[in-house]
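Before I ask anything, let me first share the structure, which is written out below as structure tokens.
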Amino acid sequence: MGLLRALNWVNEMQITDMDFEMDCKRVVDSLYSSRTYNSDLGDILSDCRTILATSLVNSHVKFIRRQANDVAHKLARVATAQASFHNFIDIPT
């Protein structure tokens, strides 16, 4: 679900080239698998595949180990303490 929300958000921001890093290997492997899943997970993966194939064609989803994803975990902890919504975005030029 988090990946789908991230893909939709990046798409709405009109960012076309984005690398997504996840520490859940099962989700990344399932996303790139040709296997179909008859479940809510299958529907979410299908939606993710559609967005990647149509709107974010130059984007990729990659697996990284949790230790390498420390910044995302720290940012998530800070975000839960915020009273209002914030976009944490820095697009290099």
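Of all residues in the stretch 24-63, how many are at pLDDT below 90 and over 18 Å from Met1 (Cβ atoms)?
Total meeting the criteria: 3.
I need the full set of residues from the stretch 33-45 which are assigned to a helix (DSSP H, G or I) and surrounded by 13 or more Cβ atoms within 10 Å (Cβ to Cβ), in order please.
Leu41, Gly42, Ile44, Leu45, listed by residue number.
Another question about this same structure. Could you list, in sequence order, all residues of the stretch 46-83 that are hydroxyl-bearing (Ser, Thr, Tyr) and either part of a loop (DSSP other than H, G, I, E, B) or more than 19 Å from Ile15 (Cβ to Cβ) (or both)?
Ser46, Ser55, Ser59, Thr80
The values are calculated or read from the model by the stated rules, or taken from the named source; none is laboratory data. The shown structure was predicted, so the numbers you read here are calculated from the model rather than taken from an experiment. We place every Cβ from the backbone using ideal geometry, glycine too, and count neighbours over all the protein chains shown.
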